[in-house]
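Read through the structure below, which is laid out as structure tokens, and then see the notes.
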Amino acid sequence: MPVVTLPDGSNRRYEHSVTVADIAADIGPGLAKAALAGKVNGAVVDTSFTIDEDAELAIITGKSDEALELIRHDAAHVMAQAVQELYPGTQVTIGPAIEDGFYYDFAREEPFHPDDLAKIEDRMREIVGRDLPIHREVWDRAQAMQTFADIGETYKVEIIEDIIPEGEEVSVYRQGDWFDVCRGPHLPSTGRLPKAFKLTKLAGAYWRGDSDKQMLQRIYGTAWRDKKELKDYLHRLEEAE
């Protein structure tokens with residue numbers, strides 16, 4: 001019987017385990033629609049996260065301080081899916097959120113061209129429009145390595161092998177048919193990603209920052225809560241040049 005304490009100090013008592021999404025809906029339909037994630041005992045989690053014991057909870061919406069990092073992380077995943085749909089055979093490696101945006105490093109024999117960025121952006125908007133549910137899955141480490149090896153994602157196999165100890169499970173996020181190793185958290189669906197993003201530049205990057213390793217292709221982007229924020233950011237960039 002978990003007791004959930006909200007930021008205003010009020011409590012909600014439940015007879016059974018509940019998800020962050022359940023609690024948002026219990027509070028009200030407007031909050032349920034606006035919920036992007038939750039903050040449980042200080043840790044940001046998916047809206048599908050289950051609370052089965054007493055906890056403090058804040059619902060993260062687009063107005064929350066944590067929203068931008070979530071948006072940018074999801075923008076990176078949507079970009080990676082777009083690239084792999086448009087350019088089959090491209091491998092994805094690492095794609096974090098960073099200050100003011102995100103990037104992803106890709107392994108591809110043919111170099112990307114600046115003209116490709118607009119094409120990738122268009123496909124990203126299409127993926128957002130599909131409103132694909134984003135689900136977290138937990139895989140056995142050996143299963144994860146085999147699955148990524150089977151689809152030719154050798155960099156992902158190396159990441160799992162080097163970073164995740166034997167015996168630990170692997171966190172994988174799936175949106176539609178596309179999936180990637182990731183700790184998360186993520187938005188509930190691709191449709192919750194604001195279409196306020198822009199791919200900004202191409203660069204080279206050595207795999208895992210090691211100049212003795214393969215040179216990868218990095219695509220940078222920026223993402224914001226809405227188109228006004230994006231426009232203001234791009235204007236600041238122009239003024240700084």
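The values are calculated or read from the model by the stated rules, or taken from the named source; none is laboratory data. A quick note: this is a predicted structure, and the numbers were derived from the prediction, not measured. We place every Cβ from the backbone using ideal geometry, glycine too, and count neighbours over all the protein chains shown. To get the accessible areas, we keep the full protein, side chains included, count just its heavy atoms, and leave off ligands, DNA and RNA. Shrake-Rupley method; radii C 1.70, N 1.55, O 1.52, S 1.80 Å.
Just a few scattered comments:
- Remark: the Thr50-Arg12 segment gains 12.2 nm on full extension, using 0.36 nm per residue and subtracting the alpha carbon distance.
- Cα centroid separation, region 28-102 to region 128-199 (Å): 13 Å
- Positive-end ranking of Ile159, Ser189, Phe179 along the dipole of region 144-189, with charges on Cβ about the Cα centre, is headed by Ser189.
- Among the GluC sites (Glu not before Pro) found in region 109-153, those both in a DSSP coil and sparsely packed, with 11 or fewer other Cβ atoms within 10 Å of their Cβ, are Glu109.
- Percent carbon-and-sulfur accessible area, the chain, ignoring ligands, DNA and RNA, probe 1.4 Å: 47 percent
- FRET efficiency for Val3 and Glu166, using Cβ-Cβ distance with R0 set to 41 Å, rounded to 0.05: 0.60
- Dipole magnitude (debye, nearest 20) for region 94-241, charges at Cβ of Lys, Arg, Asp, Glu: 700 debye
- Within the straight-line cut-off of under 30 Å between alpha carbons, the lysines reachable from Lys227 are Lys33, Lys39, Lys63, Lys119, Lys195, Lys198, Lys201, sequence neighbours fewer than 8 places apart in one chain being disregarded.
- Region 130-241 - Kirkwood radius from inverse mean 1/r over Cα pairs (Å): 16.7 Å
- Rounded to 5, the percent of DSSP beta bridges in the chain classed as antiparallel: 95 percent
- The three principal axes of the C-alpha atoms in the chain carry coordinate ranges of 57, 50, 30 Å, sorted with the longest axis first.
- Secondary-structure-derived ellipticity at 222 nm for the chain, considering helices only, amounts to -10500 deg cm²/dmol, per-run term -39500 (n - 2.57) for DSSP H runs with n ≥ 4.
- Asp232 - accessible surface, heavy atoms, 1.4 Å probe, Å² rounded to 10: 60 Å²
- Tensor-based shape of region 189-241 (alpha-carbon gyration tensor, a/c under 1.5 rounded, otherwise prolate or oblate): oblate
- Ordered by solvent-accessible area of protein heavy atoms (1.4 Å probe), largest first, the residues His113, His16 come out as His16, His113.
- Probe 1.4 Å, protein heavy atoms only - accessible area per residue of the chain in square angstrom: 52 Å²
- Gained length - Asp232 relative to Asn41, 0.36 nm times residue gap less alpha-carbon distance: 65.4 nm
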